[in-house]
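First up is the structure itself, then whatever we jot down about it.
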Amino acid sequence: MNLFSFLYLIKLLRVVTNLFLAVNFQKHSKNKSIWLFAIGNDETENLNQALQLIENYKNRDLTHLYIFSTKIESELLLTTVDKGKIKVRRVNAVRSLINRTLYEHGDVIFDSARKEADGNKRISAVVVGLGNHGTEMVKALAWYGQMDGYRLEINAFDKDPLAKEKFAAQAPELISPDYNGVDVEGEAQYQISIHSDVDVQTISFAEKISRINATYVFVALGEDDVNIRTAVDLRMYFERMKLHPVIQAVVYNTQQKTALEGVKNYRGQAYDLAFVGDIASFYTEDVIIDSELEDDALKRHLKWGNEEEFWTYEYNYRSSMASAIHKKARVKCAIPGATKTEEELTEEERNIIEVLEHRRWNAYMRSTGFVRRTDGVNDKNLTLKIHHCLTECEDYSLGYSEKD
């Protein structure tokens with residue numbers, strides 16, 4: 001799908017959405033499901049139309065509304081508005097892409113990890129570009145890479161001189177020196193380095209890259225052509241170092257992505273690049289409506305909560321999605337007990353999984369902006385983003401459970 005076709009599709013979907021607002025679907029058979037989509041380039045308009053659709057059809061059964069928005073105001077409004085009987089889902093395209101990439105292709109991150117002298121493996125991830133996609137990937141890698149037998153380091157690059165400060169504002173405790181690079185048993189363990197004021201087209205970038213023994217690279221600089229060019233340059237840099245990391249780049253254009261798969265130079269040497277995020281792959285029924293990842297996440301949530309809370313509160317939805325993604329990775333990495341039900345676990349397996357899950361949870365919560373509660377109150381505050389259980393595993397008798 002080229003850019004013109006995509007823009008035409010968005011315009012068509014906008015017309016269809018306007019028809020939904022004008023037509024009275026209350027007369028539609030009550031035994032038939034209706035799926036409504038608020039989708040377009042203008043996220044404010046998406047939200048306004050979604051609110052109107054909710055008002056029009058909140059008393060109708062079997063009604064599903066999908067609103068495409070990355071803005072925080074959409075999360076807040078959709079949480080508080082009376083949705084009646086409508087099942088509402090906010091689709092954050094950026095977060096959805098990162099989650100899907102890890103859920104479907106994350107095994108390459110562990111497969112490419114480099115074995116060290118002590119028997120552990122090192123994941124050395126490089127994220128190029130700290131826009132929406134790159135920032136989300138750094139945050140996700142921090143919790144996704146919590147795995148027994150692996151060490152995790154992340155180097156992120158952006159040309160913005162304030163990139164590190166902006167990242168720290170979103171997730172202050174994630175890169176705090178109290179936790180970042182600190183090896184504490186029962187705590188999340190990682191080393192995140194944010195390199196600000198670095199342009200990918202400069203020799204400075206090439207020099208910094210030459211000092212990293214990367215095993216995984218994610219390129220997200222905002223434009224397809226820049227991402228492709230940078231991915232090709234990175235393959236060149238690393239091959240000169242006799243390294244062959246996995247390189248993934250965000251490419252929206254489906255035709256370009258298809259054409260580039262398996263691309264080789266004139267001598268038949270493969271660049272071995274992977275491209276994610278194209279429109280045709282994302283806007284499909286399997287991804288948006290019948291998501292296997294969502295099904296797994298809902299099953300995780302239902303162990304302690306009900307389905308309505310899963311869809312209504314994004315805090316629950318996001319947490320369960322991350323938990324489902326990591327559980328699949330634990331199976332891939334053959335963590336003892338990972339394939340068993342809770343009732344089947346031995347005491348040793350239960351202890352291994354509980355400690356690992358708490359490490360992952362700590363990194364996940366910090367990636368969303370939460371910090372440790374220090375006022376002695378054994379409770380969380382979602383508005384202030386403080387949580388009493390953000391501590392090493394031996395201290396989580398304070399009340400930590402999967403539902404938190």
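The values are calculated or read from the model by the stated rules, or taken from the named source; none is laboratory data. What you see is a predicted model; the values in this text were computed from it and never measured. Every residue, glycine as well, gets a Cβ built from its backbone with ideal geometry; the counts of neighbours run over all protein chains shown. Heavy atoms of the whole protein, side chains included, go into the accessibility calculation; ligands, DNA and RNA do not. Shrake-Rupley method; radii C 1.70, N 1.55, O 1.52, S 1.80 Å.
Per-structure values
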quantity: Magnitude of the charge dipole, segment 297-384, Cβ model with Lys/Arg +1 and Asp/Glu -1, debye to 20; calculated: 500
quantity: Computed helical MRE - 222 nm, the chain, DSSP H runs ≥ 4 contributing -39500 (n - 2.57), nearest 500; calculated: -13500 deg cm²/dmol
quantity: Extension reserve of the Ser210-Leu243 stretch, reckoned as 0.36 nm per residue once the Cα distance is removed; calculated: 10.9 nm
quantity: Of Ala334, Ala142, Ala274, the one that fluctuates the most in a GNM where the chain has Cα springs shorter than 10 Å; calculated: Ala334
quantity: Mean separation of Cα contacts under 8 Å, 6 or more apart, over the residue count of the chain: relative contact order %; calculated: 15
quantity: With DNA, RNA and ligands ignored, accessible area of His195 (1.4 Å probe; Å², nearest 10); calculated: 50
quantity: Euclidean distance between Cα centres, segment 86-136 to segment 151-170, Å; calculated: 16
quantity: Alpha-carbon centroid distance for the pair segment 205-239 / segment 341-396, whole angstrom; calculated: 35
quantity: Label-point gap, in nm, between Lys58 and Glu392 - each point 7 angstrom along Cα→Cβ; calculated: 4.9
quantity: Estimated inter-spin distance, Lys385 and Glu307, nm [label 7 Å along Cα→Cβ]; calculated: 3.2
quantity: At R0 = 56 Å, FRET efficiency that the Cβ-Cβ distance of Lys85 and Glu344 yields, to 0.05; calculated: 0.90
quantity: Length gained when the stretch Asp375-Val331 is fully extended (0.36 nm per residue, less Cα-Cα span); calculated: 12.1 nm
quantity: Computed over segment 223-344: relative contact order in percent, which uses C-alpha pairs under 8 Å that are six or more apart; calculated: 16
quantity: Of all accessible heavy-atom area on the chain, the percent that carbon and sulfur account for (1.4 Å); calculated: 50
quantity: Extension gain, Glu223 back to Val263 (0.36 nm per residue minus Cα-Cα distance, nm); calculated: 12.5 nm
quantity: Among [x] 27.8, 93; [y] 21.1, 72; [z] 22.2, 69, the entry derived from the coordinates for Rg and Dmax of the Cα atoms in Å; calculated: [z]
quantity: Å² per residue, accessible surface of the chain at 1.4 Å; calculated: 49
quantity: Residues listed by number, segment 308-330, amide nitrogen under 13 Å from Asp290 label point at 7 Å toward C-beta; calculated: none
quantity: Reach of Lys340 by Cα under 18 Å, taken over aspartates and glutamates that are not fewer than 8 positions away in the same chain; calculated: Asp148, Asp296, Glu348, Glu349, Glu354, Glu357, Glu402
quantity: Selection from Ile54, Ile123, Pro177, by position along the positive dipole direction of the chain (Cβ); calculated: Ile54
quantity: About the Cα centre, charge dipole magnitude for segment 150-257 (Lys/Arg +1, Asp/Glu -1 at Cβ), debye; calculated: 500
quantity: Spin-label model distance (nm) - Asp199 vs Asn48, 7 Å beyond Cα toward Cβ; calculated: 3.9
quantity: FRET efficiency, 1/(1 + (r/R0)^6) with R0 30 Å, evaluated for Asp107 and Gln191 via beta carbons; calculated: 0.85
quantity: From the C-alpha gyration tensor of segment 192-242, square roots of 5λ in Å; calculated: 16, 14, 11
